[in-house]
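In what follows, a structure is listed as structure tokens, so that the remarks can point back to it.
The values are calculated or read from the model by the stated rules, or taken from the named source; none is laboratory data. Just so we're clear, the structure is a prediction, and the values are computed from it rather than from any experiment. Ideal geometry is used to build each Cβ from the backbone, glycine not excepted, and the neighbour counts take in all protein chains shown.
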Amino acid sequence: MEKTERKRTGLCCAAIAGVVVLAVLAIAVVVKYYVLPRIPSFGPPRGLEGEGPSVGADRFEATVVFEDGRIGPVSDIAIGDYDPASGDEIVVAGLNGAAFLDQHLRTTSFVEFERPEDRPYGRTVEVVDVDGDGVCEFLARGSYLGLDQGALLDHEGRLLWRTGADTGTCASMAAGDVDSDGLLEFATFQDGAIEPLDATGTKIWETQPEGMQTHTIQMADVTSDGVPEVVYGRHDFEDDRKVELVGLDAQGEIVYAARRKGDYLIAGLFFAFSVCPWPTADSPPHFLAPLISSIMLFDAEGRTVLKGRAPGTMITDFAVGTPVRFQAGSNPWLASLVVSFKYESSSLRVHDPEGQLLYEETRLLYGRPDVLWVGMAPWQPPGEDAEVLLVGGADKVWQYRLKP
Ligand SMILES: [Ca+2]
Ligand SMILES: [Ca+2]
Ligand SMILES: [Ca+2]
């Protein structure tokens, strides 16, 4: 009787031990395959320590196609009719000047920017055409850290005006013709308020809408009427799981708002989202935002269009992107550049339309000759049927093409 009891107790203990072992194994499997992969990684991108490609090195080749020690970090590459001669050119704009290149990437002229010593202005220069006459001007925007003033320079690089002449700095700035009079306006975010300036740099109005917590504002036609709105992200304090993409018209009235579940998009929208056409350059505006270890492309309704892995990315980083048709006749891929101030690095990536990472390359930002900066454009070289990607660097432009 006692023996049977002991045997039963022994069996019982063995069963309990078995269940415990199984449970521990199950927990280990769940942690390894479900929990760990979902914890955001705050570490630097894998390629950072070695610099250079960490994914897809056998797929793309990069060559320097432009180099000029006068130009500085290249922040914009614009292709179109931007100088008095007829026909398209490629304008490469950097911190200190701009070069005009022909279709064979030969420099035809160079403009040096006036840079007063007393107060530095924007570190990222954008090619704009204020009056649409086919002769470009240059918009020097505040840096992404919001430390510099914005300024407009004429075609010869002479300073026309600066923002916040007294004290203000300009965290963000975007250009667009919001009132359809043929002249660009410039939306600025200064001292906690949105202030659009006219083509002469004069403030038109000022607004500080409720819930506005933006660091970045953009101009984009979110109402699909051919006229751009001033666009920014807003947090709904009544419901903190919601974020709104808001569009203001020429009078500063809210004419558009798209809501979506917040997640990390809230911060991505506030800090550093950019306008990114998708899937082609003529498509309705889409927006690219940095999240945690990923980037997200969403449409004007707030719907996710593409979410791609981007290790080392934080919601406060800056992300720019463009579609590139690297292969003739196939879908474009999304090329993006994330500038991370935390890791002092920039990462170039290419994702396919499903969000799969095809290429990744990280380079350190400071004191390196081969830094990658935010100027970026797809370009179809003459006689070719696919596009290459032009990316700005320090005093140079790189061309990325798909290997045959
Ligand atoms: Ca002009
Ligand atoms: Ca206008
Ligand atoms: Ca519109």
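Among what's in the range 264-289 and is at pLDDT below 90 and not aliphatic (A, V, I, L, M), pick the residue that is surrounded by the most Cβ atoms within 10 Å (Cβ to Cβ).
268
If you scan the range 60-75, which residues turn out to be outside any strand (DSSP E or B) and closer than 14 Å to residue 373 by Cα?
71, 72
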